[in-house]
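Quick notes on the structure that follows.
The values are calculated or read from the model by the stated rules, or taken from the named source; none is laboratory data. In this text, all values refer to a predicted model and were calculated from it rather than measured experimentally. All Cβ positions, even for glycine, are placed from backbone atoms using ideal geometry, and neighbour counts span all protein chains on display. Ligands, DNA and RNA are stripped out before the accessible areas are found, and what is left, the full protein with its side chains, is counted by its heavy atoms. Shrake-Rupley method; radii C 1.70, N 1.55, O 1.52, S 1.80 Å.
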Amino acid sequence: MIGTIVNTIAIIVGTFLGAFLHRGIKENYKIALYDVLGLASLAIGLNACISNFPKSNYPVLFIVALTVGTVIGTWLDIDGRFHRLVDSRSKSGGRLADGLSTATLLYCIGPLSMLGPVIAALKGDHTFLFTNATLDFVSSTIFASTYGLGMILAAPVLFLWQGMFYMVARLSSQAVSDQLMAELLIVGGLMITASGFNLLSVKKLKTLDMLPALLVPVVWFVIKSFV
């Protein structure tokens, strides 16, 4: 799990650095950096979708997943509950909740963050995770420069997320198949794209309400394995 540990530390260090530089970065530079981060999110998200479409054997599964998942997420009010929880414990109001929701998706839902632990577990290759750590270090510095030290809460979420993929892959190399990973990356890629729109202030999308969509492909493949 050395790759995941390095990735987690990178976020923690980047967050402390960003929080330290908080007052030293002028607002116009922050806006410019967020525009860049938003564009990067769009590129990462769309690339995850487009590159995995040819690998999908179920072309409409991602539509079903996003539809069903978003309905469930909206019914559970995941986004609202998360914002209220963070708001009650933070002096920065909804700003920290917005930052955490966007950062968590960007850190966790992506090819490097999802494939990295699997490859590390099966082949002992940490290249993907080290690359992801570099990207997350830059992103966490930018996020913390705007939202503050509270952004460090995203680090344990990343650790648990990647740890889950790592342990599942170690316990059963067949549990995380290439087909399932492709479907997860298509759905996750669209969620990262949605975060990019949020960062660019193009449209406010409740990305946290979309999170249950990631469970739909998993449930589908479990059902399929018994049929």
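Being of a type in the set (Lys, Arg) and either in contact with an Asp or Glu (Cβ under 7 Å, 6 or more places away or on another chain) or closer than 20 Å to Gly18 by Cα (or both) narrows it down to one residue among Lys224, Lys206, Lys123; which is it?
Lys206 is the lone residue from the list that is of a type in the set (Lys, Arg) and either in contact with an Asp or Glu (Cβ under 7 Å, 6 or more places away or on another chain) or closer than 20 Å to Gly18 by Cα (or both).
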**Prompt:** Which residues, taken from the stretch 170-227, are small (Gly, Ala, Ser), more than 24 Å from Ala121 (Cα to Cα) and either in a helix (DSSP H, G or I) or open to solvent by less than 50 Å² (accessible area, probe 1.4 Å) (or both)?
**Reply:** Ala194, Ser195, Gly196, Ala213
**Prompt:** Would you pick out the residues in the stretch 147-169 that are crowded, with 17+ Cβ neighbours inside 10 Å and farther than 16 Å from Thr4 by Cα?
**Reply:** Tyr147, Gly148, Gly150, Met151
**Prompt:** Out of Val36, Val13, which single residue is at pLDDT 85 or above and open to solvent by 50 Å² or more (accessible area, probe 1.4 Å)?
**Reply:** Val13
**Fill in**
Sole miss for Lys26 among (1) within 17 Å of the chain's Cα centre (by Cα); (2) farther than 21 Å from Leu100 by Cβ; (3) of a type outside the set (A, V, I, L, M, F, W, C) is condition (1)
**Asked** Are there any helices (runs of 4 or more DSSP H) wholly within the stretch 1-78 with 2 or more residues that are under 23 Å from Ala133 (Cβ atoms), and if so which?
**Response** 2-20, 27-52
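Per-residue answers, yes or no, for (1) within 19 Å of Gly14 (Cα to Cα); (2) crowded, with 22+ Cβ neighbours inside 10 Å:
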site: Tyr107; (1), (2): yes, yes
site: Leu115; (1), (2): no, no
site: Val118; (1), (2): no, no
site: Gly124; (1), (2): no, no
site: Val138; (1), (2): yes, no
site: Ser145; (1), (2): yes, yes
**Complete:** Across the stretch 39-61, the tally of residues that are open to solvent by less than 40 Å² (accessible area, probe 1.4 Å) and over 17 Å from Tyr107 (Cβ atoms) stands at 4
**Message:** Here are the criteria: (1) more than 19 Å from the chain's Cα centre (by Cα); (2) open to solvent by less than 90 Å² (accessible area, probe 1.4 Å); (3) at pLDDT 90 or above. Tell me which single one Gly93 does not satisfy.
**Reply:** (3)
